[in-house]
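Read through the structure below, which is laid out as structure tokens, and then see the notes.
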Amino acid sequence: MNRLLQGLTGALLLSCALAAGAQAPTKKKLFCWNENGRKVCGDALPASAVDSERTELSGRSGLRIGGVDRALNAEERAKQEVEQKRLAAEAEAAETAKRRDLALVASYSSEEELRRAYRIRYDLIDEAIKSSRLALDNLHQSLLRMLEQAGENELSGKPVSKPLADNIHARRTGFLDLQADYQQQERERAAIDEQLQAAVARYREMKASEPGAAPADADTQG
């Protein structure tokens, strides 16, 4: 009797397992892609379509369940890499600007303190400009005297000596080099002006965003 019950039980469990397997839904997929200008679908993807754009459909319902874009060619991959690097550089620049602004507010307790820090830079560049201007004037006067001497020699029929000609050439070269430095210093001072205005604007903006910040007084914005 026990053996009969065990046999019936085993048969019942086996039949249930077979029934459950028969009722399990299929996970088969269909693929659709373009081939020679026409849409092709199938339950297997040929090697020629591996790099093609395709849509994946459920083999049971026929509904879209996914898709794959076509593989990029070498030129497109290069462009994609360039764009990714550009976006990464922009994100890094934005993060750097954010850290700079936070450090700006943390470094100076007031706008006046910020301006004092820039005044130190102004003093240094103004002193350099003053020195360059004085050196330029001295070189210019020295060059004029040498040119006058060379002109007088030519008017009197005397040749311009090689030492004098070499000195004129050297002074002229030195004058042009110093003039280029002076112009660069002028540009640097103008850049400091722009940097100060930008720093003050950022400082005010960051201060205004702090909790409990008072509205900025229009009379103090200049």
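Just so you know, all these numbers are worked out from the coordinates, no wet-lab data involved. Computed from a predicted structure; not experimentally measured. Neighbour counts run over all protein chains shown; Cβ positions are idealised from the backbone, glycine included.
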Handout entry: Segment residue 122-residue 38, extension gain: residue separation times 0.36 nm, minus the distance between their alpha carbons
Key = 23.1 nm
Exercise for the section: Pull out the extension gain between residue 156 and residue 202, defined as 0.36 nm times the separation in residues minus the alpha carbon to alpha carbon distance; nm, one decimal. Expected result: 9.8 nm
Handout entry: Where labels lie 7 Å past Cα in the beta-carbon direction, separation of residue 68 and residue 53 in nm
Key = 1.6 nm
Practice task
Using a 10 Å cut-off on Cβ atoms, rank the peptides 74-85, 176-187 from the highest mean neighbour count down.
Solution key: 176-187, 74-85
Completion exercise
Simple spin-label estimate for residue 180/residue 165, 7 Å along Cα→Cβ, in nm, reads 2.5 nm
Completion exercise
With R₀ set to 35 angstrom, the calculated FRET efficiency between the beta-carbons of residue 172 and residue 93, to the nearest 0.05, is 0.20
Practice task
About the Cα centre of region 25-93, how large is the charge dipole given +1 on each Lys and Arg Cβ and -1 on each Asp and Glu Cβ? Please answer in debye to the nearest 20.
Solution key: 540 debye
